[in-house]
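Worksheet: one structure, shown below.
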């Protein structure tokens, strides 16, 4: 179910503060975040976020195409190694 339009996009407050601090300083620091549920806003374009996937932080450089999506979409939590049965049948 989508979020109501009148509520606006959800972003954790501390994330906005950190993004403004990085933009004001002019440095290209990576902002580490566990907030996979936060929505990417236009203020975040050009900033690199380290999005936690449960194991490590995946660097995500925000571009204009990402606006409106969630941070969790750009940091996969599962690693797919393929179907092992398919590899066995191709050998023989």
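Each reported figure results from applying straightforward, stated rules to the coordinates on display, with no laboratory input. Because the structure is a prediction, the values reported are computed rather than measured.
Only residues that are within 11 Å of the chain's Cα centre (by Cα) and in a helix (DSSP H, G or I): list them for the range 53-81, please. Once the filter is applied, which keeps residues that are within 11 Å of the chain's Cα centre (by Cα) and in a helix (DSSP H, G or I), the range 53-81 yields 66, 71, 72, 73, 74. Scanning the range 19-52 for residues that are closer than 19 Å to residue 68 by Cα and part of a helix (DSSP H, G or I) yields 19, 20, 42, 43, 44.
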